[in-house]
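The structure appears below as structure tokens.
The values are calculated or read from the model by the stated rules, or taken from the named source; none is laboratory data. A quick note: this is a predicted structure, and the numbers were derived from the prediction, not measured. Every residue, glycine among them, receives a Cβ derived from its backbone with ideal geometry; neighbour counts consider all protein chains shown. Side chains are part of the model used for accessible areas, which takes the heavy atoms of the whole protein and leaves out ligands, DNA and RNA. Shrake-Rupley method; radii C 1.70, N 1.55, O 1.52, S 1.80 Å.
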Amino acid sequence: MNHFQRRSGRLHAEQVPLDELARTHGTPLYVYSTATLTRHWKVLERSLRGLRHLTCYAVKANGNLSVLSTLARLGAGFDIVSGGELYRVLQAGGDPRKVVFSGVGKRDDEIAFALGAGVRVLDVESASELARVSVVARRLGVRAPVALRVNPDVDARTHPYISTGLHRNKFGVPAEEALRLYRLAARDPALHVKGAAMHIGSQITEVAPFLDAVKRMLGLVRKLEKEGITLGHLDIGGGLGIPYDASAEPPPTPAVWGAALRKALRGFRGEVLLEPGRVLVGNAGVLLTRVLHVKRNGRRRFVVVDAGMTDLVRPAMYQAFHEIEPVGSPAERQVTCDVVGPICESSDFLAKGRRMPEVAQGDLLCVRSAGAYGFSMSSQYNARPRAAEVLVDGEEALLARRRETYADLVRGEEPARRGGRLGSRRGLR
Ligand SMILES: *Cc1c(COP(=O)(O)O)cnc(C)c1O
């Protein structure tokens, strides 16, 4: 359920007509719905009722401060993968004691930033990273809270680029090695072993891979307990999929997923952490884009719009599907077309061979389910200023990020000077 519905023909975000937002803020434009975000949060929390848990929203799905602060107010913790994401969480008023620092390659300065801020745990993904965390903690005179991210070697059966829990992926440590690293960590006075983590992939549309992975993790927990190493938490990661294509079979609802997990985790006495991203924000956002041209090359019909892979890369990167529909009343006539952007790449499309209502130059289109991995993966390729972002709450619309300007494109850059010796310039001496 989301709050982007049609009323007397026009698509709205909650009480606000989308065409008004496009007129005020221009296109391409991301629009998020507070009511949808809040609803998704509550549905997920309800699905885990009875389980002692902390939900740490995965910032990389959508890191806009308005989204982070909304979730922080609802009580969310945060899953971060960089120092920059920690900065965002702090700027949004998030509680560092509810922050999990994930990621396969953390720099020393990022580890130090996280330890200084007092994050809840660093998820460590290799022997060498465990050693780095220990060194940085000693240097700061603190004890680093750590968990190992274990690679449970299960197939999440999702797109290979977003599958992370197989041995052939770069993520986590194999269960056998985890045992050895836990022993090492438990003896290191600069480390404090807190728990174990997994994250097997994204846009997972079945419950079974989660259950398989949890079962394997609980096996490890038992082995560690026999050695006197007790884990305070088990982090089951994120990855629950969302419906993108109304004509395809929907992924399990949070209620179904939560019930299965509650059952699987019954034997675990510690706290359960989870790191959902997409399921919270994916369907809480849309991308608005304007039709620039409709053209034909031979028998193919192209709808050229002003949003491209720089704004929403998922179709180009993962062959992802997004519903696209006119914001105004849809035409009766259906046509088959490619919806493409203005970027100089043939992979620059939002839809291929799509059956949809015929559209014309100047029409405003709504690309649905764009709240996760939309703006956060956007770029300035082709020197395109990034889109604006708006958060709607009832009748109100907050400009949550202003559209970038041409000046933003070159901020921090310097033209090479003619004549002068490069090395003698101030700042480079
Ligand atoms: C990306 C990521 C998530 C969130 O994944 P979703 O599919 O958006 O739920 C959670 N944890 C880690 C470690 C991640 O890398």
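Just give me the residues in region 359-382 being open to solvent by less than 30 Å² (accessible area, probe 1.4 Å), away from the ligand (no atom under 16 Å from the Cβ) and under 24 Å from A246 (Cα atoms), in sequence order. Those that are open to solvent by less than 30 Å² (accessible area, probe 1.4 Å), away from the ligand (no atom under 16 Å from the Cβ) and under 24 Å from A246 (Cα atoms): V359, L364, L365, C366, V367.
The set of residues in region 341-354 being under 24 Å from the mean Cα position of the chain (by Cα) and hydrophobic (A, V, I, L, M, F, W, C) consists of I343, F349, L350, A351. All conditions but one from (1) open to solvent by 40 Å² or more (accessible area, probe 1.4 Å); (2) away from the ligand (no atom under 15 Å from the Cβ); (3) modelled with pLDDT of 95 or more apply to R168; the one that does not is (3). For region 383-404, the set of residues classified as open to solvent by 60 Å² or more (accessible area, probe 1.4 Å) and in contact with a Pro (Cβ under 8 Å, 6 or more places away or on another chain) consists of R403 only.
Any residue at all in region 331-351 that's assigned to a strand (DSSP E or B) and either closer than 30 Å to K215 by Cβ or among the charged types (D, E, K, R) (or both)?
Residues of region 331-351 that are assigned to a strand (DSSP E or B), as a first pass: 334-340, 349-351.
Still in the running and either closer than 30 Å to K215 by Cβ or among the charged types (D, E, K, R) (or both): 338.
Within region 331-351 (the criterion being assigned to a strand (DSSP E or B) and either closer than 30 Å to K215 by Cβ or among the charged types (D, E, K, R) (or both)), the answer is yes, since at least one residue qualifies.
The helices (runs of 4 or more DSSP H) falling completely within region 48-152 that include 1 or more residues that are under 30 Å from R401 (Cβ atoms), of a type in the set (S, T, N, Q) and outside the structural domain of K194 (by TED's automatic domain parsing) map to 65-73, 83-91.
Of the residues making up region 262-314, those that are assigned to a helix (DSSP H, G or I) and either at pLDDT below 95 or over 25 Å from V31 (Cα atoms) (or both) are R262, K263, A264.
On the stretch given as region 174-185, residues that are open to solvent by 30 Å² or more (accessible area, probe 1.4 Å) and within 28 Å of the chain's Cα centre (by Cα) total 2.
Would you call R222 part of a helix (DSSP H, G or I), charged (D, E, K, R), touching a residue at least 60 places away in the same chain (Cβ under 8 Å) and surrounded by fewer than 19 Cβ atoms within 10 Å (Cβ to Cβ)?
no
Working only within region 186-209, note down all residues that are small (G, A, S), touching a strand residue (DSSP E or B) at 6+ places or on another chain (Cβ under 9 Å) and surrounded by fewer than 23 Cβ atoms within 10 Å (Cβ to Cβ).
Here is the first cut: in region 186-209, the residues small (G, A, S) are 186, 190, 195-197, 201-202, 208.
Restricting the remaining residues to those that are touching a strand residue (DSSP E or B) at 6+ places or on another chain (Cβ under 9 Å) gives 186, 190, 195-197, 201-202.
Result: A186, A190.
Each residue in region 336-351 was checked for being at pLDDT 95 or above, farther than 15 Å from H293 by Cβ and open to solvent by 30 Å² or more (accessible area, probe 1.4 Å), and 1 pass. Listed by first and then second residue, the pairs linking a residue in region 276-296 that is free of Cβ contacts under 8 Å to residues at least 24 places away in the same chain and open to solvent by 10 Å² or more (accessible area, probe 1.4 Å) to a residue that is assigned to a strand (DSSP E or B) and away from the ligand (no atom under 16 Å from the Cβ), with Cβ atoms under 9 Å apart and 6 or more places separating them unless they lie on different chains, are K295/R301; K295/F302; K295/V303; K295/V304; R296/F302. Quick test for you: out of V142, V146, pick the one residue that is within 16 Å of the ligand (Cβ to nearest atom), farther than 22 Å from K263 by Cα, touching a Leu at 6+ places or on another chain (Cβ under 6 Å) and without any contact (Cβ under 8 Å) to a residue 60 or more places away in the chain. Residue meeting the stated conditions: V146.
Is there a residue being within 16 Å of the ligand (Cβ to nearest atom), of a type in the set (S, T, N, Q) and over 17 Å from V133 (Cβ atoms) anywhere in region 209-232? Outline the logic, then answer.
Taking region 209-232 first, the residues within 16 Å of the ligand (Cβ to nearest atom) are 209-210, 213-214, 217.
After this cut, where a residue has to be of a type in the set (S, T, N, Q) as well, the list is none.
Checking region 209-232: not a single residue is within 16 Å of the ligand (Cβ to nearest atom), of a type in the set (S, T, N, Q) and over 17 Å from V133 (Cβ atoms).
Can you pull out every residue in region 82-108 that is under 23 Å from L181 (Cα atoms), open to solvent by 40 Å² or more (accessible area, probe 1.4 Å) and out of contact with any Ser or Thr (no Cβ under 8 Å at 6 or more places or on another chain)? If the condition is that a residue be under 23 Å from L181 (Cα atoms), open to solvent by 40 Å² or more (accessible area, probe 1.4 Å) and out of contact with any Ser or Thr (no Cβ under 8 Å at 6 or more places or on another chain), then G105, R107, D108 are the ones that fit.
Going through L422, L364, L409 one at a time, which residue ends up being modelled with pLDDT of 95 or more and farther than 21 Å from G9 by Cβ? Residue meeting the stated conditions: L409.
Residue check: F78 meets all listed conditions (1) open to solvent by less than 60 Å² (accessible area, probe 1.4 Å); (2) touching a residue at least 40 places away in the same chain (Cβ under 8 Å); (3) not acidic (D, E) but one, namely (2).
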